[in-house]
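Colleague: Submitted below is the structure of interest, expressed as structure tokens.
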Amino acid sequence: MARFLFPEWTQPLKKYVITPALLVGPVYIVLMAALVKDPQTLRVGYMPEQPVPYSHALHAGEMGLDCRYCHNVVEQSAKAAVPPAATCMNCHQTVLPRSEKLLPVRQAFFENEPLRWVRVTDLPDYVFFNHSAHVTRGVGCETCHGRVDRMVRVWQAQPLTMQWCLDCHRNPEPNLREPANVTVMGYQPAAGEGAAVKARLKINPPTDCSTCHR
Amino acid sequence: MASPSEAAAGSDGEAQAVFRGITDDVSRVALNPTPKWWWPAFGVSNLMLLCLVVSLYHLFTTGIGVWGNNNIQGWAWDITNFVFWIGIGHAGTLISAVLYLFRQDWRTSINRSAEAMTIFAVAAAGIFPIIHTGRPWFAWWMIPHPNDMGMWPQFRSPLMWDVFAISTYATTSILFWYMGMVPDLATLRDRAKERWKQVGYGLLALGWRGSARQWHRYERAYLILAALSTPLVLSVHSVVSFDFATSQNPGWHTTIFPPYFVAGAIFSGFAMVATLLVPLRHLCGLKHIIKESHIEAMCKIMIATGLMVGGAYGIEIFIAWYSGNAGEWFTFRNRVLGEYSWAYFAMVSCNVLVPQFFWIRKCRTNPWIVVGLCILINVGMWFERFVIIATSLARQAMPGMWGYFSPTRWDVLTFIGSFGLFFTLFLLFARFLPVIAMAEVKAVSPEAHAGKDHH
Amino acid sequence: MSSLDHGYWKSIAELDRDLPSGEAEFTPADPEASDDGVDPLSRRNFAKLMGASLALAGVAGAGCKRYQREEIVPLGRRPEDQIPGVTQEYATSFELGGHAHPLVVTSYEGRPIKVDGNPEHPFIGGGVVAGTRRHAGSSAFAQGSILHLYDPDRSTGVNHSGKAASFSDFKTWIGELRKQASFNKVRVLAEATSSPTVQALRRRLEGAMPGLIWHEWEPLSWDNERAGMVQAFGKVVRPIAELDKAETVVALDCDFFVDHPAAVRYGRDFARARHPATSTLGRGRMNRLYAIESAYSATGVMADHRLPVRTEHVLPVAQMLESLLTGGPAPRAEVVNEAKVKRLVEALAREIRANTGRVVFLVGRRQPAAVHALAARLNQTYGSSAVRHVEDPEPTRPTHAEAIATLAREIKQQQVETLFILGGNPVYDAPADLDLGALLGQVATSVHLAEYADETSARTTWHVPRAHYLECWGDGRTWDGTLTMQ
């Protein structure tokens, strides 16, 4: 029997299929895997359904409530803290007091059956983030949370990856503003504002591991 | 190597017969029905390999607490086995690359199997650094790549250098081995009877026809790869030794480590080659190709490297004393006379005393004695790594950091399993691939030079 | 349930349905509707589609998921001072053996996480350097108590005759008990407490249920000291050493750094007179501690001179010391002729004479009343300015050993039908010759209030789980009588 050599018809296959597949295939697979696994892909845009169809667009956007009306501990605590139902009831005792959509809020307030909100902005459990440290030093809410005043249902606006955190920790100036304006949405900092805030508040963000992983 | 008198005896017809004889004998191993001894050997190896699979499963699902390692003995059998296997691999590269560049023609009979041994040893070695981290699924983090954490490997760490050294070594060794095998694979393809073997070997032979142009390019590529591999003989085990030498730990922090490790690696590698080839040449009927003189040459190299290793042991202790460093001296006294002295003396007797028997000619020619002594040398070289790792960690600066390592059954199973992997791969190689570089053997056989001498 | 709840989808149809519902209702004109993840050209959606093909290739795998879905559950009404994510500190006290230990507890969102001494407490507050206000000690027992709070083995429900019952069952039974004509056969066996509230409730109970008798039992009791004080002074008083004023401290089988209701205070005061640079005795001076004890204790470790003797030899050694000081007859015991004893006692006597007025003798609770009385006499003479005495809050109560023996006798005489055991584990720690475990079988109905279902609970009719001190209000008194809130 004749010895096995690559027959003639395999030549174009080699040239146009096998070689390109070997050269490009791995690159394609790795790129696609990276693209799919990238937090920009996986996380940005995450928009879970909430127990109460609370619209930030309505409250913070149209009616112009300050973020800190509800998230009132954000300047003192590591947590921004989702407000207790009592905060909602400040208004909703008189505004839409019989709305069916607000039934869970009233249950939380009167029957102490807490609301179970779904976390949107979720960092891994081995990451410690302190809201007060950022808010009191002029990192705006929208820098991490996006234009919440335009979100009907809240979705994740930024990838919140370690790289993303580090980018700002290494060069905070573009994201700094006068601390008085942290809750302003769509804020355009004046030229040199970030640098001025950084100098005045002596902002020197640490980048060692134990800053966040402690 | 061919002497004129030998060459004169040959004629073209005789030479053809001799070449055909070589081809017949080597091809027979791969193409004939499976010999009887192969199945039991393969079965035992597979059982050992099963130990590896089971112990790794247990390790991954439970954690490295299943080993005897603890806070004090952070490294133990895991890294011992790693260094042991990497060392074994070195003889293959030395034989195939360095001896090729130095035109040591006797290497041709053993280089193929030695290279195969290198690759399988590196495979067995590569398991350990990956599993000893406890989170093997993050091993790919050692490959530098852009990622969403903005993190890169620590390039200043010798453990990272290890990653590059070992992966380069594995890649180069595989290329070298496979490329050298292409002409022989073509021979097997041509001689195979069954269609599936023809196609299989045909695909592996990459369409080799044996044309002059192919031979020319082949020789060139082989030379380049040999030149590339040569520095690896020195660099890989030097980098492995840096894992220890760059640390601050007495007993590890030693400048002598790179040459000492390389000598030890070649020593153990040759012992392993001899352990494998002496039975192989008997079982596969290759005595006339892997000659007694080849075995003897390997024994002589073992004497030389054994003496180097012995010298290193002496110098280590001398420097520990001569440096006047109390910590160093304590560590070495403890290494020799402490709780691990049994391991130290096992190491010294196997590595320094055992090779001295090779001065006696009978010990170099009797296959039983050669294999026995080589196994002892391998035991000794394993103990050398164990002694370096375990005794240096067992008595650190603070008494609170004193401990003793006792292996668990999972340590033992993993170690046995690594042998299972090695032997399984080697047996597959010995059954299905050309165990001897036929083309090269022919090229350096006396008959190949006969015609030339007539001119 | 929409699949967007978890952020991924299982079919193309499901993907198409994933437009957020109810959007139009809330914002008729949402300026950035295209930005919220429904944009067909967004990277997320592109990757979703690519993800399908990659999943086929086995590349996407399990890595392509978001983190586990987490919930944020805020309180319906947030307590006034609570800031989520920020710890709060509050003062409380922990009662052990009938004495309160003042503490400051750090609490995180309502959960205690750390126990410390109360730096502002008049009895134990303040640090080693006199005048510091930021530090205060706590004890190993106090530190252990927080683990106890979260101990999963704590009892969680009412038990009746070994079977789970409800608290309302128990209340029903109590209601029936109250309807009884006579309470002559109702007894209470309570652990010692210094709480004025509990004592007031006890009086109220005794008034409401005439005939009821309240006994108090504490296994590790300071009753020997009370007896010794009666011998020395004719009444029950409580000695309080002021170790920061003592040049010489003599511990007679007394581990006052650990095993004393005032251990924290004693540790602080002792340390204040210990460091020559800051010593309360004067610059460059330090106190000296002698420990005569039968087992190695923290105090013995700290002592400048330690004399190991058997427990029963502490009395003759103390008598020897007294005879050297006052010239009385020497005890006849062999031990005082031992060279090591002689050497130490003679040196000690010389030192005591030199430091008259500033010497403190402390006696451990396992020593008999005679040693306590002897130490009280010596303290009167040689420790006049370093030892004071305060009134005992309950000077007339029987000893704990008498109380439980009385109860056992009453049970034997069929005088007990209903027994409430409030805290403690008397079946385990009562004197063994009373065999209280067996006696409980003769009581028609018994109730055990305890944090664990223990040996006593196993023999009582009812077991009622008890709140931990960090879970309830209360009060108590420290060793010196200072009122302390819990």
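The values are calculated or read from the model by the stated rules, or taken from the named source; none is laboratory data. Just so we're clear, the structure is a prediction, and the values are computed from it rather than from any experiment. Every residue, glycine among them, receives a Cβ derived from its backbone with ideal geometry; neighbour counts consider all protein chains shown. What goes into the accessible areas is simple: the full protein's heavy atoms, side chains included, and nothing from ligands, DNA or RNA. Shrake-Rupley method; radii C 1.70, N 1.55, O 1.52, S 1.80 Å.
Colleague: Please find, within the range B:225-263, the residue that is surrounded by the fewest Cβ atoms within 10 Å (Cβ to Cβ) out of those that are of a type in the set (S, T, N, Q) and farther than 23 Å from B:Gly306 by Cβ.
Modeller: B:Gln248
Colleague: With the structure loaded, tell me whether B:Arg189 is of a type in the set (D, E, K, R) and farther than 15 Å from B:Pro434 by Cβ or whether it fails that test. If you could, list the steps in order and put the result at the bottom.
Modeller: Values: of a type in the set (D, E, K, R): yes; farther than 15 Å from B:Pro434 by Cβ: no.
So B:Arg189 does not fit the description; no.
Colleague: Yes or no: the range C:105-119 includes at least one residue that is touching a strand residue (DSSP E or B) at 6+ places or on another chain (Cβ under 8 Å), farther than 24 Å from C:Ser195 by Cβ and surrounded by 21 or more Cβ atoms within 10 Å (Cβ to Cβ).
Modeller: no
A quick yes/no check of all residues on (1) more than 27 Å from A:Gln163 (Cβ to Cβ); (2) polar (S, T, N, Q):
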| position | (1), (2) |
| --- | --- |
| A:Leu5 | yes, no |
| A:Lys15 | yes, no |
| A:Thr19 | yes, yes |
| A:Leu22 | yes, no |
| A:Gly25 | yes, no |
| A:Tyr28 | no, no |
| A:Met32 | no, no |
| A:Asp38 | no, no |
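Colleague: Does the range A:196-211 hold any residues that are within 12 Å of A:Arg137 (Cα to Cα), touching a helix residue (DSSP H, G or I) at 6+ places or on another chain (Cβ under 6 Å) and open to solvent by 40 Å² or more (accessible area, probe 1.4 Å), and which are they?
Modeller: A:Lys198
Colleague: Can you confirm whether A:Leu160 is on the phi > 0 side of the Ramachandran plot and in the same structural domain as A:Glu62 (by TED's automatic domain parsing)?
Modeller: So A:Leu160 fits the description; yes.
Colleague: While we're here: Only one of (1) assigned to a loop (DSSP other than H, G, I, E, B); (2) surrounded by 15 or more Cβ atoms within 10 Å (Cβ to Cβ) is not met by B:Pro146, so which one is it?
Modeller: Result: B:Pro146 fails condition (2) only.
Colleague: Condition (residue is within 14 Å of chain B (Cβ to nearest Cβ), at pLDDT below 95, in contact with a helix residue (DSSP H, G or I) (Cβ under 7 Å, 6 or more places away or on another chain) and assigned to a loop (DSSP other than H, G, I, E, B)) applied to the range A:113-128: is it met by at least one residue?
Modeller: Yes, there is a match, as at least one residue in the range A:113-128 is within 14 Å of chain B (Cβ to nearest Cβ), at pLDDT below 95, in contact with a helix residue (DSSP H, G or I) (Cβ under 7 Å, 6 or more places away or on another chain) and assigned to a loop (DSSP other than H, G, I, E, B).
Colleague: Do any helices (runs of 4 or more DSSP H) lying entirely in the range C:156-235 carry at least 1 residues that are over 16 Å from C:Leu449 (Cα atoms) and not assigned by TED's automatic domain parsing to the domain that holds C:Ala405, and which ones are they?
Modeller: Where helices (runs of 4 or more DSSP H) fall fully within the range C:156-235 and carry at least 1 residues being over 16 Å from C:Leu449 (Cα atoms) and not assigned by TED's automatic domain parsing to the domain that holds C:Ala405, they are C:223-233.
Colleague: Of the residues C:Glu95, C:Glu89, which is in contact with a Gly (Cβ under 7 Å, 6 or more places away or on another chain) and either assigned to a strand (DSSP E or B) or closer than 19 Å to C:His135 by Cβ (or both)?
Modeller: Within the list C:Glu95, C:Glu89, the selection yields C:Glu95.
Colleague: I've got another one for you. Exactly one condition in (1) of a type outside the set (Ser, Thr, Tyr); (2) at the interface with another protein chain (Cβ under 9 Å from one of its Cβ atoms); (3) outside any helix (DSSP H, G or I) is not met by A:Leu65; state its number.
Modeller: Answer for A:Leu65: the failing condition is (2).
Colleague: While we're on this one: Could you check A:Arg43 against (1) open to solvent by less than 60 Å² (accessible area, probe 1.4 Å); (2) of a type in the set (Lys, Arg); (3) touching a helix residue (DSSP H, G or I) at 6+ places or on another chain (Cβ under 8 Å) and say which number it fails?
Modeller: Looking at each condition in turn, A:Arg43 falls short on (3).
Colleague: Restricting the search to the range C:79-89, which residues are touching a Pro at 6+ places or on another chain (Cβ under 9 Å) and surrounded by fewer than 19 Cβ atoms within 10 Å (Cβ to Cβ)?
Modeller: None - no residue of the range C:79-89 is touching a Pro at 6+ places or on another chain (Cβ under 9 Å) and surrounded by fewer than 19 Cβ atoms within 10 Å (Cβ to Cβ), so the list stays empty.
Colleague: Which number in (1) facing chain C (nearest Cβ under 9 Å); (2) over 19 Å from A:Val182 (Cβ atoms); (3) of a type in the set (A, V, I, L, M) marks the one condition that A:Ala78 misses?
Modeller: Evaluating A:Ala78 over (1) facing chain C (nearest Cβ under 9 Å); (2) over 19 Å from A:Val182 (Cβ atoms); (3) of a type in the set (A, V, I, L, M) leaves (2) as the failure.
Colleague: So which residues in the range C:286-306 are among the aliphatic types (A, V, I, L, M) and either open to solvent by less than 70 Å² (accessible area, probe 1.4 Å) or not in a loop (DSSP other than H, G, I, E, B) (or both), if there are any at all?
Modeller: Scanning the range C:286-306 gives C:Leu289, C:Ala291, C:Ile292, C:Ala295, C:Ala298, C:Val301, C:Met302, C:Ala303.
Colleague: Next up: Going by what's in this entry, would A:Trp164 be described as open to solvent by 30 Å² or more (accessible area, probe 1.4 Å) and farther than 30 Å from C:Leu75 by Cα? Steps first, answer last, please.
Modeller: Values: open to solvent by 30 Å² or more (accessible area, probe 1.4 Å): yes; farther than 30 Å from C:Leu75 by Cα: yes.
Taking the combined requirement at face value, the residue satisfies it.
Colleague: When you go through (1) within 14 Å of chain B (Cβ to nearest Cβ); (2) closer than 29 Å to A:Gln50 by Cβ one by one for A:His169, which number turns out not to apply?
Modeller: (2)
Colleague: From the list B:Ala125, B:Ala139, which residue is loosely packed, with under 15 Cβ neighbours inside 10 Å and in a helix (DSSP H, G or I)?
Modeller: None of the other options fit; the residue is B:Ala139.
Colleague: Assuming B:Trp208 fulfils every condition listed in (1) more than 28 Å from B:Asn81 (Cα to Cα); (2) surrounded by 18 or more Cβ atoms within 10 Å (Cβ to Cβ); (3) in contact (Cβ under 8 Å) with a residue 60 or more places away in the chain apart from one, which condition is it?
Modeller: B:Trp208 satisfies all of (1) more than 28 Å from B:Asn81 (Cα to Cα); (2) surrounded by 18 or more Cβ atoms within 10 Å (Cβ to Cβ); (3) in contact (Cβ under 8 Å) with a residue 60 or more places away in the chain except (3).
Colleague: Failed condition for A:Val182, given (1) more than 9 Å from every other protein chain (Cβ to nearest Cβ); (2) hydrophobic (A, V, I, L, M, F, W, C); (3) in contact with a Leu (Cβ under 9 Å, 6 or more places away or on another chain), with all others met?
Modeller: (3)
For every residue, the table says whether it meets (1) under 24 Å from C:Glu109 (Cβ atoms); (2) touching a residue at least 40 places away in the same chain (Cβ under 8 Å).
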{"site": "A:Leu23", "(1), (2)": "no, no"}
{"site": "A:Ala33", "(1), (2)": "no, no"}
{"site": "A:Gly64", "(1), (2)": "no, no"}
{"site": "A:His92", "(1), (2)": "no, no"}
{"site": "A:Lys101", "(1), (2)": "no, yes"}
{"site": "A:Gln107", "(1), (2)": "yes, no"}
{"site": "A:Glu111", "(1), (2)": "yes, no"}
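Colleague: Can you pull out every residue in the range C:357-381 that is within 20 Å of C:Ala401 (Cα to Cα) and of a type in the set (Gly, Ala, Ser)?
Modeller: Here is the first cut: in the range C:357-381, the residues within 20 Å of C:Ala401 (Cα to Cα) are C:363-373.
Result: C:Gly364, C:Ala369, C:Ala370, C:Ala373.
Colleague: Kindly indicate which of B:Leu203, B:Leu185 is of a type outside the set (Phe, Trp, Tyr), crowded, with 18+ Cβ neighbours inside 10 Å and within 13 Å of chain A (Cβ to nearest Cβ).
Modeller: Among B:Leu203, B:Leu185, only B:Leu185 is of a type outside the set (Phe, Trp, Tyr), crowded, with 18+ Cβ neighbours inside 10 Å and within 13 Å of chain A (Cβ to nearest Cβ).
Colleague: Just name the residue that is nearest to the other protein chains (Cβ to nearest Cβ) out of those in the range A:1-40 that are outside any helix (DSSP H, G or I) and open to solvent by less than 50 Å² (accessible area, probe 1.4 Å).
Modeller: A:Phe4
Colleague: Here's another thing I want to ask about it. Pairs needed: first member in the range C:387-398, more than 18 Å from C:Ala262 (Cα to Cα); second member anywhere, in a strand (DSSP E or B) and modelled with pLDDT of 90 or more; C-beta distance under 8 Å; at least 6 residues apart or different chains.
Modeller: Listed pairs, sorted by first residue: C:Arg397/C:Glu216.
Colleague: To continue, here is another question. With the checklist (1) in contact with a strand residue (DSSP E or B) (Cβ under 8 Å, 6 or more places away or on another chain); (2) in contact (Cβ under 8 Å) with a residue 60 or more places away in the chain; (3) open to solvent by less than 70 Å² (accessible area, probe 1.4 Å) in hand, flag the one item A:Arg116 doesn't pass.
Modeller: For A:Arg116, the failing item is (3).
Colleague: Then there is this: Just for strands (runs of 3 or more DSSP E) wholly inside the range C:376-486: which have at least 1 residues that are among the basic types (Lys, Arg) and open to solvent by 40 Å² or more (accessible area, probe 1.4 Å)? Don't jump to the end; show me each part of the working.
Modeller: Values: elements: C:387-391, C:418-422, C:445-450, C:462-465, C:475-477, C:483-485.
Here the list reads C:387-391, C:475-477.
Colleague: Is there a residue in the range B:411-424 that is part of a helix (DSSP H, G or I), under 30 Å from B:Leu188 (Cβ atoms) and β-branched (Val, Ile, Thr)?
Modeller: Within the range B:411-424, one or more residues are part of a helix (DSSP H, G or I), under 30 Å from B:Leu188 (Cβ atoms) and β-branched (Val, Ile, Thr).
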